[in-house]
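Heads up, the thing below is written out as structure tokens.
Here, each number is a calculation from the coordinates, and none is a lab measurement. Fair warning: this is a prediction, and the values are worked out from it, not measured in the lab. Using ideal geometry, Cβ is built from the backbone for each residue, glycine included, and neighbour counts are taken over all protein chains shown.
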Amino acid sequence: MKPITVTLIVNEQPRTITTEPNRTLLYALRDDLGLYGAKDACGGEGECGACTVILDGEPVNSCLVLAGQADGCHVETIEGLAAGGQLHPLQRAFVETGAVQCGFCTPGAILAAKALLDRLPDPTDDQIREALSGNLCRCTGYTKMIAAVRRAAEDMSHVR
């Protein structure tokens, strides 16, 4: 296969890569750009959410998106959330509530929650559950994650 050139805006920085046409966005981020926050936990089946990134404002399983499909798109990864040495309110809330256990699913869950809060600043618990429903966690259950999203929404409401 002939390599393709893909230009992305990753965490607000333009990035151009040359990659194989069958490479997923997940592996373009990991292997071509060195961004390891998105994980492959389901073998590219799109079932676990560990590879969640925000693509043009929407949470997606990056294992199901070809890198070429994301050409010209904005991609947010967990590596782009902390700014100026400060954790994003969601990252801080996940730590403070104990929603981080082994950490494998955490980046995807945080990005799914961020996409929710970006469009709905004061979600209900049911809306939070729905937003996190594509992110499987084997360690925490979801009670602490829901509490973390609620706490972050409250913290972020003071910043707006």
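Residues checked against (1) basic (Lys, Arg); (2) closer than 21 Å to residue 42 by Cβ; (3) under 18 Å from the mean Cα position of the chain (by Cα):
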site	(1), (2), (3)
95	no, no, yes
98	no, no, no
103	no, yes, yes
107	no, yes, yes
111	no, yes, yes
134	no, yes, yes
141	no, yes, no
150	yes, no, yes
154	no, no, no
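In this structure, is residue 73 in contact with a Lys or Arg (Cβ under 7 Å, 6 or more places away or on another chain) and surrounded by 16 or more Cβ atoms within 10 Å (Cβ to Cβ)? No; evaluated as a whole, the condition is false for this residue. Among the residues of the stretch 55-69, write down those that are buried (at least 19 other Cβ atoms within 10 Å of the Cβ) and within 14 Å of residue 112 (Cβ to Cβ). Answer for the stretch 55-69, where residues must be buried (at least 19 other Cβ atoms within 10 Å of the Cβ) and within 14 Å of residue 112 (Cβ to Cβ): 55, 59, 60, 61, 62. Considering the stretch 5-26, the residues that are in a loop (DSSP other than H, G, I, E, B), on the phi < 0 side of the Ramachandran plot and charged (D, E, K, R) include one that is surrounded by the most Cβ atoms within 10 Å (Cβ to Cβ), namely 23. Kindly indicate whether any position in the stretch 27-37 is assigned to a loop (DSSP other than H, G, I, E, B), in contact with a Leu (Cβ under 9 Å, 6 or more places away or on another chain), touching a residue at least 24 places away in the same chain (Cβ under 8 Å) and closer than 21 Å to residue 132 by Cβ. Yes, some residue in the stretch 27-37 is assigned to a loop (DSSP other than H, G, I, E, B), in contact with a Leu (Cβ under 9 Å, 6 or more places away or on another chain), touching a residue at least 24 places away in the same chain (Cβ under 8 Å) and closer than 21 Å to residue 132 by Cβ.
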